[in-house]
Amino acid sequence: MRGCLALVLHAHLPFVRHPDQPDFLEEDWLYEAILETYLPLLGMLERIAQDRLPVRLTLSISPTLLAMLEDELLMKRCGARIDRLCELAGKEVHRTVSDPQLNRLAHFYQHSFEHLRGEFEDHYRRDLIRPFAALRREGILELITSCATHGFLPLLRTVPSAVWAQLAIGVGHFEKVFGHSPSGIWLPECGYYPGLDGLIAAAGPRFFFVEADGILDASPAPLYDVHAPLYTPTGVAAFGRDPSCSQEVWSAISGFPADPLYRDFYRDLGWEAESDYIRPYVQPTGERKAVGIKYFRITGATDSKELYQPEAARERALSHAREFLDSRERQFSALEPAIEGRRPLVVAPYDAELFGHWWYEGPIFLEAVLRDGSRRSNFELQAPPDFLRENPENQVAELSLSSWGEGGYAGVWLNPANDWIYPHLHRCAELMVALATDFPRPDDLQRRALNQAARELLLAQASDWAFILKTGSMPEYAERRTREHIDSFLKLEQQCRKGPIDADFLFRTEHRDNLFPELDYKIYAAQLPEALPVL
Amino acid sequence: MANLLNLVKMTVSELRELARKYLGRGHSRLKTKNELIAALKQKVSDSRAKAVPAKTKSPPKTKPMRKKEAAPRRSKRAPTARAARVSSGSPPVPDIGALGAPPKASTPPKVLNEGFFVGAQVPTAIARPRSPIHLAPALPEGYGSDEVVAIYRGPGTLFVFWDFGEETILAAAQGLVDWRLVLRVYRGAEIVREVAVELVQGRAYLEDLPNDSARVELHAVGTNASRRIAGSNVPPSFQSDKPSLLRLADLAWDTPLHALPRTAKSGAVRVREPTAESVQAIRARVAGAAGSSSPLGPWGEHGAQVGGVAGAASPVAPWGAVRRRFALPSSR
């Protein structure tokens, strides 16, 4: 029986929006992801749709990312960012004219940015959500949701209403944007704890993904390893990540993106050009930042980098795609006789931003995997619903606590670098539940304040802040965001309780943190609609 | 170190002595009582993760859970835009001035290792991004909610935090002689761990605990008596401890989950229990073919084997006792 390869991309960025400042460094995360990942991904999927290839790809778009893609201000700023890049690339073409090799690269970037500008402004008209929805209608994409602000659920469970709000608001926002319910949900960081399935089932999604350990440690032990989903006692299906697919891409030693021919992420013109020359394209203060023009390839374990060669890198990406698929063929050949009478399953989930942003050639790799994968004889590229439709009988088991973080539990999101967050998150969640219970009939201003308090709490719960604090990459910003949202929540809570509500403060906060306009704070007061185990 | 309440009760000279002992260099700059207390509190906060186990009244009877080995699993995910980010103009990369000249790699950002993956290690010389941000607001040190909360971080490790007003503690400690605060971890009625803590410490990790700890309590313990202040149930840890049979259920995709209880009640959901023999046979086959026990899998380039039968290369027992990260409760 032909196997099922389920490729899953999880697209997520934390909500970063600073309308009060015209140029804010961390907003670049979104613009870079649009330019380097989302636009190439859309282009690639549209080509595949045009060619009517029989492939299915699962894409989760987190609600915070959706909210930013919906935001007019951010999309306008993204357009301006692309304009500046095109301008800089044009200057680079002139600047490098005496060096043919470098000049060829400058032309490469100029062409690439002009093409992306055409896609963003003319083809999509700054609306990237509609084409994703169209690809879903074409049958290429299976779109799923994630939790409202990417809260790491195993650590929010001390207040179950907080977990429910993350799930239900995530599902609700997806429905508002796409007009239909998501078939599945991406649990932030693959974080799962026993009993969570009851809330997921009540929120509606039929499946979710866990780290392989979540399946392997299930009770009773899985019959088919990670090569079949498990039904939880409430009937939601859990799909386990295949370790070998992860290893081939992520391994620091043997992973594809570490190939010497690929573009080096860190050698960026923003760091290397003359300061007067680059000044209009970096931070308003003149401080440098990456601008997206990178002339060097990884080369090897040396500081002396060689010039990037796009064509050679492209060839290598195509070759890596073949290697990946050959490996899957061998994997399915091994699995087929072992899992007789069933379709063997391999689930390969990745962060979407890997492809293009971190691994520049990733979209080429991905397109080749989808195109070549559609022609392989012993497996098909499918999405979880396809598998569940065709294979409705699966083992019932209770899954264990797991995440895809280092160590497999909650250690990445709870450690001495970030544990100060959790007493605040816990207490604020308790206060939110109390507010929602105590204000059943608010006046208009109170309702706005209560809704905004809920938004601030949700934003403070984002797993991204704890993650960044742990990695130490941008701890100042992560700490600032956590503190600001908790502080805003507490102010609003006090104003609701003791009055008066500061309308100016409320307006400013609403203006800045404007996600989920449909949010109703009463979700925190609702009795938990947990589904009961029936299997 | 003394807890906050004791600090408040101390004289300045006693506090100076503590500061000399615990703060070391620079303690003489602390002039007032408030400054001394604040600095000592900070010291306590800094060492919060190092809760010193007190005398264990009843050692855990279960073997401490085996901690999961760190390697070789990938560290989560790719560094995405939300994580590592090079930014801001810290020093090191000189300008590439000459028109048309390729950027010199003479002083590149120092990448410790090679490749995309390790590129996540932002070169330290250039890495600290600095947005033009104002100072983050200060948050309350506590909320006076008078509660203890405990949650498992991983096998055998509880993260406990507490938040009490001083009045609550003083009231609980009334009549106690030479008292101190302790956290007690219970499994059923049995105390499996007792740890001395400071009120201002606020949180602690308790390690090497059984995975079925039921609750954590904060007590004021004096030489003459002890008094319970508050307790918290520990949410279930890693997996259900209910023994469960191996079952296969047939769920039609078109049946919404909210209709499942009704469907199941009517008998329309087929659930079957495979025979022990068939389970054994499947597990034996899958153990040889599945890749979760080896990142390369048996189909890997160095291909130990391709196909069916569990071989010597597989660490999985032929009957498929799939590897577990932690010991199962004995009831299973």
Give me the Debye-computed log₁₀ of I(q)/I(0) at q = 0.17, 0.18, 0.23 Å⁻¹ for segment B:180-296, equal point scatterers on Cα only, no solvent, two decimals. -0.93, -0.98, -1.27
In Hz, Karplus ³J(HN,Hα) per residue of segment B:256-271 (6.51, -1.76, 1.60; θ = phi - 60°; x = Gly, Pro): x, 4, 5, 8, 4, x, 5, 5, 5, 5, 7, x, 6, 8, 7, 10
Using bins 10 angstrom wide from zero, how does P(r) for segment A:188-341 break down, in % of all Cα pairs? 9, 23, 22, 20, 18, 7, 1
Shape call for chain A from the C-alpha gyration tensor, a ≥ b ≥ c root eigenvalues: rounded (a/c under 1.5), prolate (a/b greater than b/c) or oblate? oblate
Quick query: amide H of A:Cys4 versus all other amide H atoms, modeled in the peptide plane; which residues come in under 5 Å with a sequence gap of 5 or more or a different chain? A:Leu345, A:Val346, A:Glu380
If I stretch the segment between A:Glu518 and A:Glu311 completely, what's the gain in nm (0.36 nm per residue apart, minus their alpha carbon distance), one decimal? 69.8 nm
Taking loop as defined by DSSP and a crowding limit of 11 other beta carbons within 10 Å, which trypsin sites (Lys or Arg not before Pro) in segment A:355-446 fit? A:Arg375
A:Phe507 and A:Ser181 label points (each 7 Å along its Cα→Cβ direction) are spaced in nm at 4.1 nm
Which part of segment A:1-38 falls in the paramagnetic zone of A:Glu121, meaning amide N under 18 Å from the point 7 Å along Cα-to-beta-carbon? A:31-32, A:34-36
Given 0.36 nm per residue, what is the gain on full extension from A:Ser98 to A:Met1 after removing their alpha carbon distance, in nm? 29.0 nm
Shielding by partners for B:272-282, please: the mean number of other protein chain Cβ atoms within 10 Å of each residue's Cβ. 1
For B:Asp212, placing the label point 7 angstrom along Cα-to-beta-carbon and taking segment A:377-405, residues whose amide nitrogen sits under 18 Å are A:398-401
Between A:Glu114 and A:Ala526, what is the label-point separation in nm under the 7 Å Cα-to-beta-carbon projection? 5.2 nm
For a label point 7 Å from the Cα of B:Asp254 along Cα→C-beta, name the residues of segment A:386-406 whose backbone N is under 15 Å from it. A:389-392
With +1 assigned to the C-beta of every Lys and Arg and -1 to the C-beta of every Asp and Glu, and no other charges, what is the dipole magnitude of segment A:1-149 about the Cα centre in debye, to the nearest 20? 560 debye
Here, B:Lys33 and A:Asp51, labelled 7 Å along Cα→Cβ, have an inter-label distance in nm of 8.0 nm
Counting only other chains, what is the mean number of Cβ atoms within 10 angstrom of the Cβ of each residue in peptide A:190-200? 2
Cβ-derived FRET efficiency at R0 56 Å, A:Asp276 paired with B:Ala276, nearest 0.05: 0.10
For peptide A:217-230, the mean count of other chain Cβ atoms within 10 Å per residue Cβ is 6
By how many nm would the segment from A:Ile129 to A:Leu73 grow when fully extended, if each residue of separation counts as 0.36 nm and the alpha-carbon distance is taken off? 18.6 nm
Counting only helical runs of four or more DSSP H residues, what would the 222 nm mean residue ellipticity of chain A come to if each run contributes -39,500 (n - 2.57) and the total is spread over all its residues? -15000 deg cm²/dmol
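Each value in this text was obtained by applying a stated rule to the coordinates, not by laboratory testing. The structure displayed is predicted, hence computed values, not measured ones. Positions of Cβ are generated from backbone atoms using ideal geometry, with glycine treated the same way; all protein chains shown enter the neighbour counts.
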